[in-house]
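The values are calculated or read from the model by the stated rules, or taken from the named source; none is laboratory data. Because the structure is a prediction, the values reported are computed rather than measured. In this analysis, Cβ positions are derived from the backbone assuming ideal geometry, glycine residues included, and neighbour counts consider all displayed protein chains. Areas reflect the complete protein model, heavy atoms only, side chains present, ligands, DNA and RNA absent. Shrake-Rupley method; radii C 1.70, N 1.55, O 1.52, S 1.80 Å.
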Amino acid sequence: LHSVWANHTFQVFGREIQWQFGLVQVVAVSAILFFSAINCIGVAFGGRVQSFLTVAKLLGIAVIVGGVFFFSRTATWENLAPSPGTPPWSGLKAFGAAMLAALWAYDGWGDLSFAAGAVKNPQRNLPRAIILGTMALIGIYVLTNLAYLYVSPIDKMATSKLIAADTMGALFGQAGVSFIAVIVMIEAHTLDSWTR
(Lines give C-alpha, C1' and ligand atoms only; values in the text may rest on other atoms or scores of the structure.)
Protein backbone atom coordinates (compact mmCIF):
# COMPACT_ATOMS: atom_id res chain seq x y z
CA LEU A 1 0.00 0.00 0.00
CA HIS A 2 2.93 2.34 0.66
CA SER A 3 4.41 2.07 -2.85
CA VAL A 4 6.40 5.19 -3.77
CA TRP A 5 6.89 5.71 -7.50
CA ALA A 6 8.86 8.95 -7.41
CA ASN A 7 10.56 11.04 -4.76
CA HIS A 8 12.76 14.08 -4.63
CA THR A 9 14.30 16.23 -1.91
CA PHE A 10 14.08 20.03 -2.25
CA GLN A 11 15.91 22.77 -0.39
CA VAL A 12 13.51 25.63 0.40
CA PHE A 13 14.71 28.55 2.56
CA GLY A 14 17.43 26.37 4.02
CA ARG A 15 15.02 23.60 4.95
CA GLU A 16 14.92 20.15 3.44
CA ILE A 17 11.52 19.08 2.07
CA GLN A 18 10.99 15.55 0.84
CA TRP A 19 8.41 15.17 -1.94
CA GLN A 20 7.09 11.80 -2.95
CA PHE A 21 4.41 10.43 -5.21
CA GLY A 22 2.91 6.98 -4.94
CA LEU A 23 -0.21 4.99 -4.22
CA VAL A 24 -1.03 6.94 -1.05
CA GLN A 25 -1.04 10.23 -2.98
CA VAL A 26 -3.19 8.73 -5.76
CA VAL A 27 -5.76 7.56 -3.20
CA ALA A 28 -5.75 10.98 -1.50
CA VAL A 29 -6.19 12.90 -4.78
CA SER A 30 -8.91 10.47 -5.89
CA ALA A 31 -10.81 11.02 -2.64
CA ILE A 32 -10.59 14.82 -3.06
CA LEU A 33 -11.84 14.60 -6.65
CA PHE A 34 -14.63 12.21 -5.65
CA PHE A 35 -15.96 14.47 -2.89
CA SER A 36 -15.52 17.56 -5.06
CA ALA A 37 -17.67 15.90 -7.73
CA ILE A 38 -20.32 15.08 -5.13
CA ASN A 39 -20.41 18.72 -4.03
CA CYS A 40 -20.71 19.83 -7.68
CA ILE A 41 -23.74 17.60 -8.24
CA GLY A 42 -25.78 19.63 -5.80
CA VAL A 43 -26.26 20.73 -2.22
CA ALA A 44 -29.11 18.31 -1.51
CA PHE A 45 -27.19 15.30 -2.82
CA GLY A 46 -24.05 16.38 -0.99
CA GLY A 47 -26.08 16.74 2.20
CA ARG A 48 -27.42 13.20 1.86
CA VAL A 49 -23.93 11.81 1.33
CA GLN A 50 -22.69 13.79 4.34
CA SER A 51 -25.51 12.41 6.48
CA PHE A 52 -24.70 8.88 5.34
CA LEU A 53 -20.99 9.29 6.15
CA THR A 54 -21.80 10.81 9.55
CA VAL A 55 -24.01 7.84 10.42
CA ALA A 56 -21.26 5.49 9.21
CA LYS A 57 -18.75 7.26 11.43
CA LEU A 58 -21.04 7.05 14.47
CA LEU A 59 -21.64 3.36 13.80
CA GLY A 60 -17.88 2.86 13.61
CA ILE A 61 -17.42 4.53 16.99
CA ALA A 62 -20.25 2.37 18.37
CA VAL A 63 -18.41 -0.74 17.12
CA ILE A 64 -15.24 0.39 18.94
CA VAL A 65 -17.03 1.16 22.20
CA GLY A 66 -19.26 -1.93 22.02
CA GLY A 67 -16.31 -4.13 21.09
CA VAL A 68 -14.36 -2.91 24.10
CA PHE A 69 -17.15 -3.28 26.64
CA PHE A 70 -18.60 -6.57 25.35
CA PHE A 71 -15.71 -8.49 23.80
CA SER A 72 -12.49 -7.48 25.56
CA ARG A 73 -11.13 -10.17 27.86
CA THR A 74 -8.22 -8.17 29.24
CA ALA A 75 -9.94 -4.86 29.97
CA THR A 76 -10.16 -3.71 33.59
CA TRP A 77 -11.49 -0.70 35.46
CA GLU A 78 -8.17 -0.63 37.34
CA ASN A 79 -6.71 1.18 34.30
CA LEU A 80 -8.58 4.28 35.45
CA ALA A 81 -6.60 4.41 38.69
CA PRO A 82 -3.56 6.73 38.74
CA SER A 83 -0.25 5.04 38.00
CA PRO A 84 2.12 4.60 40.94
CA GLY A 85 4.26 7.69 41.35
CA THR A 86 1.74 9.98 39.64
CA PRO A 87 2.04 13.46 41.18
CA PRO A 88 -1.06 14.64 43.03
CA TRP A 89 -3.49 17.24 41.69
CA SER A 90 -1.55 20.46 41.14
CA GLY A 91 -4.33 23.00 40.66
CA LEU A 92 -5.57 25.10 37.78
CA LYS A 93 -2.30 25.00 35.85
CA ALA A 94 -2.61 21.25 35.21
CA PHE A 95 -6.33 21.61 34.54
CA GLY A 96 -5.63 24.31 31.93
CA ALA A 97 -3.03 22.14 30.20
CA ALA A 98 -5.50 19.25 30.04
CA MET A 99 -8.29 21.50 28.73
CA LEU A 100 -6.13 22.82 25.89
CA ALA A 101 -6.33 19.50 24.02
CA ALA A 102 -9.99 19.00 24.95
CA LEU A 103 -10.98 22.35 23.44
CA TRP A 104 -9.78 21.16 20.03
CA ALA A 105 -12.22 18.26 20.27
CA TYR A 106 -15.19 20.59 20.76
CA ASP A 107 -14.27 23.51 18.48
CA GLY A 108 -16.69 22.56 15.69
CA TRP A 109 -19.60 24.48 17.23
CA GLY A 110 -18.08 27.71 15.93
CA ASP A 111 -18.20 26.45 12.33
CA LEU A 112 -21.96 25.94 12.52
CA SER A 113 -22.61 29.68 12.56
CA PHE A 114 -21.33 29.88 8.96
CA ALA A 115 -24.44 27.98 7.90
CA ALA A 116 -26.85 30.54 9.37
CA GLY A 117 -27.83 31.89 5.96
CA ALA A 118 -28.87 28.44 4.72
CA VAL A 119 -30.88 27.40 7.79
CA LYS A 120 -34.62 27.84 8.20
CA ASN A 121 -35.45 29.86 11.31
CA PRO A 122 -31.81 30.25 12.44
CA GLN A 123 -32.76 32.09 15.65
CA ARG A 124 -34.40 28.90 16.90
CA ASN A 125 -32.54 26.14 15.07
CA LEU A 126 -28.90 27.27 15.41
CA PRO A 127 -28.89 27.47 19.23
CA ARG A 128 -30.60 24.07 19.37
CA ALA A 129 -28.08 22.58 16.97
CA ILE A 130 -25.12 24.05 18.86
CA ILE A 131 -26.35 22.98 22.31
CA LEU A 132 -27.63 19.50 21.36
CA GLY A 133 -24.70 18.83 19.03
CA THR A 134 -22.14 19.83 21.64
CA MET A 135 -23.84 17.72 24.32
CA ALA A 136 -23.96 14.71 21.96
CA LEU A 137 -20.30 15.20 21.07
CA ILE A 138 -19.31 15.37 24.74
CA GLY A 139 -21.13 12.10 25.36
CA ILE A 140 -19.46 10.40 22.39
CA TYR A 141 -15.97 11.62 23.32
CA VAL A 142 -16.33 10.69 27.00
CA LEU A 143 -17.70 7.23 26.22
CA THR A 144 -14.99 6.57 23.61
CA ASN A 145 -12.17 7.69 25.91
CA LEU A 146 -13.65 5.65 28.75
CA ALA A 147 -13.54 2.61 26.44
CA TYR A 148 -9.88 3.33 25.58
CA LEU A 149 -9.00 3.65 29.27
CA TYR A 150 -10.90 0.45 30.06
CA VAL A 151 -8.61 -1.43 27.65
CA SER A 152 -5.30 0.43 28.01
CA PRO A 153 -3.56 1.95 31.02
CA ILE A 154 -2.95 5.69 30.79
CA ASP A 155 0.82 5.27 30.34
CA LYS A 156 0.22 3.02 27.32
CA MET A 157 -2.25 5.54 25.91
CA ALA A 158 0.32 8.31 26.34
CA THR A 159 2.86 6.47 24.18
CA SER A 160 0.37 5.27 21.55
CA LYS A 161 0.20 7.12 18.25
CA LEU A 162 -3.08 5.49 17.20
CA ILE A 163 -4.98 4.38 20.29
CA ALA A 164 -8.11 3.47 18.31
CA ALA A 165 -6.07 1.21 15.99
CA ASP A 166 -4.22 -0.30 18.96
CA THR A 167 -7.52 -0.98 20.71
CA MET A 168 -9.20 -2.57 17.71
CA GLY A 169 -6.04 -4.50 16.87
CA ALA A 170 -6.01 -6.00 20.37
CA LEU A 171 -9.68 -6.96 20.05
CA PHE A 172 -10.00 -8.09 16.43
CA GLY A 173 -6.48 -8.32 15.00
CA GLN A 174 -5.59 -6.90 11.57
CA ALA A 175 -9.27 -6.74 10.56
CA GLY A 176 -9.85 -4.30 13.44
CA VAL A 177 -6.92 -2.11 12.34
CA SER A 178 -8.24 -2.02 8.75
CA PHE A 179 -11.70 -1.13 10.04
CA ILE A 180 -10.24 1.84 11.94
CA ALA A 181 -8.40 3.03 8.82
CA VAL A 182 -11.72 3.20 6.95
CA ILE A 183 -13.45 5.00 9.85
CA VAL A 184 -10.63 7.57 10.08
CA MET A 185 -10.89 8.22 6.33
CA ILE A 186 -14.67 8.73 6.64
CA GLU A 187 -14.16 10.99 9.65
CA ALA A 188 -11.62 13.15 7.84
CA HIS A 189 -13.99 13.70 4.93
CA THR A 190 -17.08 14.36 7.02
CA LEU A 191 -15.25 16.89 9.17
CA ASP A 192 -13.08 18.64 6.61
CA SER A 193 -14.38 18.19 3.09
CA TRP A 194 -17.80 19.54 3.93
CA THR A 195 -16.81 22.57 6.00
CA ARG A 196 -13.92 24.05 4.04
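Details
- Close amide H partners of GLY22, meaning residues 5 or more places away or on another chain with modelled amide H under 5 Å apart, are TRP5.
- Accessible area of the chain belonging to carbon and sulfur atoms, whole % at 1.4 Å probe: 69
- In the chain, a dipole from Cβ-located charges (positive for Lys and Arg, negative for Asp and Glu) runs towards its positive end, and of PRO84, VAL65, LEU137 it is LEU137 whose Cα lies farthest in that direction.
- Of MET99, MET168, MET135, MET157, the residue with the largest accessible area leads and the full order is MET135, MET99, MET157, MET168 (1.4 Å probe).
- The C-alpha radius of gyration of the chain, expressed as a fraction of 2.2 N^0.38 Å, stands at 1.26.
- Remark: relative contact order (the chain) = 25 percent; criterion is Cα-Cα distance under 8 angstrom and separation of 6 or more residues.
- Calculated from backbone phi, Karplus (6.51, -1.76, 1.60) coupling profile of the range 39-52 in Hz, x at Gly/Pro: 5, 6, 4, x, 5, 5, 5, x, x, 5, 5, 4, 4, 4
- Here the label points at ASN39 and TRP19, each 7 Å from Cα along the C-beta direction, are separated by 2.4 nm in the simple model.
- Student exercise, the chain dipole from Lys, Arg, Asp, Glu Cβ charges, in Debye to nearest 20: 420
- Residues of the chain: accessible area per residue with a 1.4 Å probe, Å²: 72
- Positive-pole candidate from LEU53, ILE183, ALA28, dipole of the chain, charges at beta carbon: LEU53
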